[in-house]
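Participant: Got a structure for you, written out below as structure tokens; questions coming shortly.
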Amino acid sequence: MLLKTWHIFRGVFSLAGMTLCILILILEIKGLPKNLILGLRQELDSPHLNFSIDEVHVGPISGIKINNISVKDDSQEKAIYQAEKIQVSFNLADLSQGLFTPESLQVRNANFNLKLKHGNEEEYLLVNQVNLNAKLLDHKTLKINYFECNTQNLNLQIQGELTNWVQTEKKDEASTKLLSATELNKLIPDHIKEAIINVNDVAQLLNITEKTSVKINFFVDVLQPEKSTAQIDLSLPEFLYLGSLVKSTKIRLQLKKDALTIPQFEINADNNETLSGHIEYELKSKKLSAQLKGQVFPFKYLKIFAPKLIKHVDFVKFNETPPSFNLYINNPNIDDYKQWEAQGTIKASNFQVQGLYVDLVEGPIKFKNLNFQSETLKLAGPQINGKVQVRYNFLNSKVSLYADASGDPRHISHFIFSDSGRRNYLNVWERFSWGRTAIPTWSGYFDYRYDPIRNEDLMTFDGEFKADGASINGVNTQKLSAKVYMQFPEQILVHNIQVDTTDTHARGHLGFKNVTNDCTIDYQFYSTISIPQTLRIANGEWKGLLDSLGLPNNSYARLTGHLNLDEALNARSEAYIELPEFTFNNLKIESPKITFNMRDKKIMIASRKADFYSGNMHFVYQDNLELNQQALKINATNIDLAGLISELQKDSLTTAAGRVNFGADIALKSKNGEIQSILGEGFVHIYDGLFLEIPFLSTFFNRLESILPFVSAAKVKEMSAQLKFFDQQVNIENFFSDGKLIALSGEGWFDWRQTMYLFNINTHYLKGILTLPKPLNVDILKGLFSPLSVLVKAEVRGDKNGYEWTINSMDNFKKSINGTPSRFFNIFKSDDER
């Protein structure tokens, strides 16, 4: 289309040039013979032309007047030359010497019709309503006072001077003849024919129904062409092209010293589109400079003038209001598009960038070396608000942004032109979410381009963001901020993460490597947020991890680790944790200092220090995340029995008192955070106990004392037992107590799932005061607690609702009582009892 538009101007120039040639040809006719009409016929005679002249008037001052002349050519239907009046005046000084030197020419209502032949194409050049007033000055200057004519699509007006025009060569006779249609077709160059034909084609293409007005004012110096100038005023009527309606076009062109200048132009189109400005073009250097101002929908005109450029910018869609701009263009060489330069300001509203809605963008812009760039643009929209700088490379579609804005940073994806690149960028932000009121603010630099050699999307982001009320991996925060450095796909670093909740906070770093393939994460956090939430911040796949431990909301932890996103549980992680307390199966552990280690889908938690019901505890907890199997190795000393039993809420034991040492090495199986079975071994040693006050034991001791011939004989303060854990039961194969006169031993089991128990208890007669050995030696105790020493055999069974005692045998007890001297029992009595 740009080429065809140029053909319009070239056709106009050609038409003006042909008119001048005909004029010069007429003015060159000299030496008319006495018989003027015969002389005219002889001078103008041609074997292919037929002349018709109504009247000829001759006078020394008025010159020659010819009325109603018509010249026809046998090769075409229409007369080639027609004129209502032609008047030629002569130089009086030459006339006095007998010379006829034409001095002026007037033509009124003339027509020129020529059938142009170009290749296989034939088309009439119709020039009608020609009016001319021209004068020859000093034999070397031709002045056109006015020249006007109409063609099929043009209304042409010409004024100007042609100076230093000197005829140095003698013309042959044939040169003064009027040319026939065939001779004119040979004389006119093919490119001029093509340009004239294109004028008509373009007019039809643009649906132009009215004539285009062209006014030419020129000055041509043949000897000094650098002094030549021309001014053309072009006014196009309304036309429609490719769906674009241009209502009016006014252009002024100036030609001067190898330069084409458009000092002013104005184009008005539909939808309130306007374009105005000025343009300067140096013909030799092909340098272009211009100022353009207006508001247009640019892509409508790119389809016309630069259709190949559309595919590079079709990601932008304007809706109802055309963008306005003021551009200054400076191109050193218009043929080399890499040197094109432009700068100015732009204001656009109500448009989209790949689905990103923008209410308003305003600010300065630049275009250089096929790079579009902006200074700081004001950006406002429902999704992003703030200031942004944009760069776009048309060669490799590289986009660069620097923004200081508010809104979801996911919307930067609208500036990524690859589906995979857009998807990969969004994956970076999928761990973050913002509520309706949690509008993040962010700033930073972003660029994107596609590398066809590596077949990869390359992205860089270096910035920071913050938001109130946001969440990360589902963990709600009051304040969230972080710095992000992304060199995609090699690495992404989310560093200086700051998470604040009501009373807790976390600080940390996340590093991603090989983002698109076999992605790994390195993380480091310092946190007072609960440990499960801290782990979840590091990796969203760890949701619910360690929930069974009942960890509190406040804690202190140092957490570092490495994981592969494809195998989130197969991570390597280490942590140091300080907690005020935590519960495990309703047991409270206070002030623990814990080390956390995760490796090969297994977790190990070990205590450096922990308080457990006024005692001390050391434990190692292991959790196989793949098999849902846990292991616990524990050792506790000086535990408050009353507090422990009270926490367990076993009503039948709530009055127990004493201290406890215990240990266990057990394996656990859990489901949904609840222990299903236990397998392993352990021990328990109770001392400083008040066993007589335990409800289900006090009943037995009360009965025992009621039949003993002494008071307080059954004083038991220590008890030890070996434990074996199987499924939901704890089996006590051997337990022993100390004693003053009697001691206890036995066996039994406890079902912790149903809170049921059964114990067989033997009461032994002692030959001396018994203190349990430390450490507990079962073989020694079995000798002391022999079957022969058993006085009473009893059984107790119960559950959380109650208990029942059964005395199974007292034979040995009766024999021992009958055979024992009464003075022996005095050693067990107090002074008042003796």
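The values are calculated or read from the model by the stated rules, or taken from the named source; none is laboratory data. Note that the structure is predicted; figures quoted are calculated from it, not measured. In this analysis, Cβ positions are derived from the backbone assuming ideal geometry, glycine residues included, and neighbour counts consider all displayed protein chains.
Participant: Modelled with pLDDT under 80 and either crowded, with 21+ Cβ neighbours inside 10 Å or among the basic types (K, R) (or both): does that describe A571?
Facilitator: Values: modelled with pLDDT under 80: yes; either crowded, with 21+ Cβ neighbours inside 10 Å or among the basic types (K, R) (or both): yes.
Yes; evaluated as a whole, the condition is true for this residue.
Participant: Name the residues in the stretch 347-403 that are free of Cβ contacts under 8 Å to residues at least 60 places away in the same chain, assigned to a loop (DSSP other than H, G, I, E, B) and farther than 21 Å from N326 by Cβ, would you?
Facilitator: G355, N369, L370, G381, P382, Q383, L395, N396
Participant: State whether the residues of the stretch 423-442 include one that is part of a strand (DSSP E or B) and either of a type outside the set (S, T, Y) or within 14 Å of the chain's Cα centre (by Cα) (or both). Show your work before the answer.
Facilitator: Restricting attention to the stretch 423-442, the residues satisfying the condition of being part of a strand (DSSP E or B) are 432-433, 441-442.
Subset that is either of a type outside the set (S, T, Y) or within 14 Å of the chain's Cα centre (by Cα) (or both): 432, 442.
Yes - at least one qualifying residue is present in the stretch 423-442.
Participant: Here is a further query. If you scan the stretch 139-161, which residues turn out to be closer than 19 Å to V88 by Cα and assigned to a loop (DSSP other than H, G, I, E, B)?
Facilitator: H139, K140
Participant: State which residue is surrounded by the fewest Cβ atoms within 10 Å (Cβ to Cβ) when the search covers only the stretch 213-251 and only residues that are out of contact with any Gly (no Cβ under 8 Å at 6 or more places or on another chain) and among the small types (G, A, S).
Facilitator: In the first step, residues of the stretch 213-251 are kept if they are out of contact with any Gly (no Cβ under 8 Å at 6 or more places or on another chain); the result is 213-215, 221-229, 231-251.
Among the residues that remain, those that are also among the small types (G, A, S) are: 213, 228, 235, 243-244, 248.
Values: S213: 15, S228: 19, S235: 16, G243: 8, S244: 18, S248: 13.
So, considering only residues that are out of contact with any Gly (no Cβ under 8 Å at 6 or more places or on another chain) and among the small types (G, A, S), the one surrounded by the fewest Cβ atoms within 10 Å (Cβ to Cβ) is G243.
Participant: Then there's this: Under 6 Å between Cβ atoms, which residue pairs at least 6 apart in sequence (or on different chains) link something in the stretch 220-235 that is among the aliphatic types (A, V, I, L, M) with a partner that is surrounded by 13 or more Cβ atoms within 10 Å (Cβ to Cβ) and not in a strand (DSSP E or B)?
Facilitator: Partner pairs satisfying both residue conditions: V220/S228; V222/N164; V222/W165; L223/N164.
Participant: Same structure, new question: Any idea which of (1) surrounded by 15 or more Cβ atoms within 10 Å (Cβ to Cβ); (2) at pLDDT below 85; (3) not hydroxyl-bearing (S, T, Y) is the one K609 doesn't satisfy?
Facilitator: (1)
Participant: Taking E282 as meeting all but one of (1) modelled with pLDDT under 80; (2) more than 39 Å from the chain's Cα centre (by Cα); (3) of a type in the set (D, E), write down the number of the exception.
Facilitator: E282 satisfies all of (1) modelled with pLDDT under 80; (2) more than 39 Å from the chain's Cα centre (by Cα); (3) of a type in the set (D, E) except (1).
Participant: Something else: Being out of contact with any helix residue (DSSP H, G or I) (no Cβ under 7 Å at 6 or more places or on another chain) and modelled with pLDDT of 60 or more, is that true of even one residue in the stretch 778-790? Spell out how you get there, then give the answer.
Facilitator: Restricting attention to the stretch 778-790, the residues satisfying the condition of being out of contact with any helix residue (DSSP H, G or I) (no Cβ under 7 Å at 6 or more places or on another chain) are 778-789.
Filter once more, keeping what is modelled with pLDDT of 60 or more: 789.
Within the stretch 778-790 (the criterion being out of contact with any helix residue (DSSP H, G or I) (no Cβ under 7 Å at 6 or more places or on another chain) and modelled with pLDDT of 60 or more), the answer is yes, since at least one residue qualifies.
Participant: Taking the condition touching a residue at least 24 places away in the same chain (Cβ under 8 Å), crowded, with 16+ Cβ neighbours inside 10 Å, of a type in the set (K, R) and within 28 Å of W542 (Cβ to Cβ), does R410 pass?
Facilitator: Values: touching a residue at least 24 places away in the same chain (Cβ under 8 Å): no; crowded, with 16+ Cβ neighbours inside 10 Å: yes; of a type in the set (K, R): yes; within 28 Å of W542 (Cβ to Cβ): yes.
Answer is no for this residue.
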